[in-house]
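Here's the structure we're looking at; comments come further down.
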Amino acid sequence: MKISPSIRNLLLIWLGWAVIMIGFQGLVQMRVSLERPDNVLSWTSTETGRSSNATKAFLTDPFLNAHVAWDSEYYLAIAVDGYDSSRIPGVSSLYRTDSMHSFMCRPPKYDCYSLSYAFFPLFSLLIKGLSLPLQLFGMTQIATATLSAMIVTLLGALAAMISLYYLGRKSLGEEGGLRAAFYLLVFPSGFFLAQVYSEGVFLGLVFAALALLDARKWGWAALCGALAVWARPGGAILLLPFVVVWLKDKTWRLPAKQIWLHSLAALAPALSYGIWRITPLAQRFFIVEEHFFSRGLLAIRQTLWAWDYAGQQLLNGNSSARFYYGLEFAAILLTLLTCLMLLKKKPELALFGLAIVVFCFTSGSAQGMVRYVLAAPPLFLVLARWGKHPAFDRLWTLACVLIMGFEAMLFTFNFWVA
């Protein structure tokens, strides 16, 4: 099968980007040493000392260690040991961060829920599956899982790029589609697509579902949408664009068989979420999310307090906090603007992007938005339209690459970024 020049260029960009990211994070350790601890947030100083990761087995293996930090620990633990790994701390159902009942535990014990339960299983299952043939290299379990995770997340990034290209090609042309995919890779938080994080798999499935939906390939779109739910909870929001397209197409006017098939496909994300919801994973997810990570669905009161504090830090905090929250607020505002600009032309994409922002923004914790907005396609499609102007294209790329390189360096040294 002949590959089109645009897809060939996209593949070369992806491969070169992956090599550059891995090389950069390896080389930066040879030249740079950061002063610890990281005081960017109120709690990060206790997690970023020189010995903070000493007891965290999944974060200390030397192989590709620059790409392993923070949540990487849980994805690797699930892949290697399962959810109830004794190498991951847990919390009791009585745990409260502001209560006298605050205490940690180690699974497996009665009423002890591993912190890994806060993370959905698909990424770790893919890591585990690919680790089987990679065992032939004779590396340690953790090193094998880390290599597997990097391959999985990079392939997910490629799927996200290809999907963005197809989403943008109709209105922006071949160059515009390529530009949208490239802007994803160099966005300030785009470096997460080359780390042991679930961003690659999640974006690959979400953008593929939206691109297939745009092409009216309902069956494949439904499959990707259903799988996305098992990668991250935000995958369930795909129900919104599916229903919008179902309504736009006036599906009720089609033959009965097509009505049923399209309707079932449109409900696939909701059905997939419903299946997850009745599993033990869901019950334990909500316990850990609420009791330890202090997150919830539409936690309005907690959200208002958290973002009020974030605003105060933006104005009066230390320089690290001002930089961090400056990126957070800039990412939110830019995403909202681009979604609103695409609302009339592509309501299914715009509403999905807006819903993602609202879902993440109201979770009760004022952090991580610069990473979460990666799931909003209008962000890259509108930027790609602006990028038709050579001056904007060069300046936006320069700004993004500089910030992304800086953020990737912080991640390399286990400093907090998102």
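The values are calculated or read from the model by the stated rules, or taken from the named source; none is laboratory data. A quick note: this is a predicted structure, and the numbers were derived from the prediction, not measured. Please note: Cβ atoms are built from the backbone with ideal geometry, for glycine as well, and neighbour counts cover all protein chains shown. Surface areas here come from the heavy atoms of the whole protein model, side chains and all, with no ligands, DNA or RNA. Shrake-Rupley method; radii C 1.70, N 1.55, O 1.52, S 1.80 Å.
Name the one entry in Ala418, Ala384 that is in contact with a Lys or Arg (Cβ under 7 Å, 6 or more places away or on another chain) and either open to solvent by 30 Å² or more (accessible area, probe 1.4 Å) or over 23 Å from Tyr325 (Cβ atoms) (or both).
Working: Ala418 fails: either open to solvent by 30 Å² or more (accessible area, probe 1.4 Å) or over 23 Å from Tyr325 (Cβ atoms) (or both).
After applying the criteria, what remains is Ala384.
Identify, please: which residue in segment 110-144 is of a type in the set (A, V, I, L, M, F, W, C), farther than 17 Å from Ala228 by Cα and assigned to a helix (DSSP H, G or I) and is, among those, most open to solvent (accessible area, probe 1.4 Å)?
Leu136
Of everything in segment 60-84, what is open to solvent by 20 Å² or more (accessible area, probe 1.4 Å), under 17 Å from the mean Cα position of the chain (by Cα) and not hydrophobic (A, V, I, L, M, F, W, C)? Give them in sequence order.
Answer for segment 60-84, where residues must be open to solvent by 20 Å² or more (accessible area, probe 1.4 Å), under 17 Å from the mean Cα position of the chain (by Cα) and not hydrophobic (A, V, I, L, M, F, W, C): Asp71, Tyr74.
From the residues in segment 367-379 that are open to solvent by less than 10 Å² (accessible area, probe 1.4 Å) and part of a loop (DSSP other than H, G, I, E, B), which one is nearest to Gly156 (Cα to Cα)?
Per the stated criteria, the residue is Ala376.
With the condition kept exactly as written, say whether any residue in segment 298-307 is surrounded by fewer than 23 Cβ atoms within 10 Å (Cβ to Cβ), among the charged types (D, E, K, R) and not in a loop (DSSP other than H, G, I, E, B).
Yes: segment 298-307 contains one or more residues that are surrounded by fewer than 23 Cβ atoms within 10 Å (Cβ to Cβ), among the charged types (D, E, K, R) and not in a loop (DSSP other than H, G, I, E, B).
Answer yes or no: is there a residue in segment 29-45 that is over 27 Å from Tyr325 (Cα atoms) and not hydroxyl-bearing (Ser, Thr, Tyr).
Checked segment 29-45: at least one residue is over 27 Å from Tyr325 (Cα atoms) and not hydroxyl-bearing (Ser, Thr, Tyr).
Yes/no matrix, rows are residues, columns are (1) of a type in the set (Val, Ile, Thr); (2) free of Cβ contacts under 8 Å to residues at least 12 places away in the same chain; (3) over 24 Å from Ile162 (Cα atoms); (4) crowded, with 18+ Cβ neighbours inside 10 Å:
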position: Lys345; (1), (2), (3), (4): no, no, no, no
position: Leu354; (1), (2), (3), (4): no, no, no, yes
position: Thr397; (1), (2), (3), (4): yes, no, no, no
position: Met409; (1), (2), (3), (4): no, no, yes, yes
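Where residues in segment 247-270 are in a helix (DSSP H, G or I) and without any contact (Cβ under 8 Å) to a residue 12 or more places away in the chain, which of them is nearest to the chain's Cα centre (by Cα)?
Going through the qualifying residues, I end up with Leu247.
Considering only segment 319-332, I want to know if a residue exists there that is charged (D, E, K, R), open to solvent by less than 30 Å² (accessible area, probe 1.4 Å) and within 23 Å of the chain's Cα centre (by Cα). Working first, answer last.
The first filter runs over segment 319-332 and keeps only residues charged (D, E, K, R), leaving 322, 328.
Subset that is open to solvent by less than 30 Å² (accessible area, probe 1.4 Å): 328.
Still in the list and also within 23 Å of the chain's Cα centre (by Cα): 328.
Checked against the condition, which is being charged (D, E, K, R), open to solvent by less than 30 Å² (accessible area, probe 1.4 Å) and within 23 Å of the chain's Cα centre (by Cα), segment 319-332 yields at least one hit.
When the residues of segment 73-117 are narrowed to those that are of a type in the set (D, E, K, R) and under 16 Å from Lys56 (Cα atoms), which ends up modelled with the lowest pLDDT?
Looking at the filtered set, the residue picked out is Arg106.
Output the residues belonging to segment 160-177 that are within 21 Å of Leu334 (Cα to Cα) and surrounded by 24 or more Cβ atoms within 10 Å (Cβ to Cβ).
Once the filter is applied, which keeps residues that are within 21 Å of Leu334 (Cα to Cα) and surrounded by 24 or more Cβ atoms within 10 Å (Cβ to Cβ), segment 160-177 yields Ala160, Met161, Leu164, Tyr165, Leu167, Gly168, Gly177.
Does any residue in segment 228-246 that is within 13 Å of Phe119 (Cα to Cα) and open to solvent by less than 40 Å² (accessible area, probe 1.4 Å) come within less than 7 Å, Cβ to Cβ, of a residue that is polar (S, T, N, Q) and part of a helix (DSSP H, G or I) six or more places away or on a different chain, and which pairs are these?
These pairs meet every condition: Val229/Ser272.
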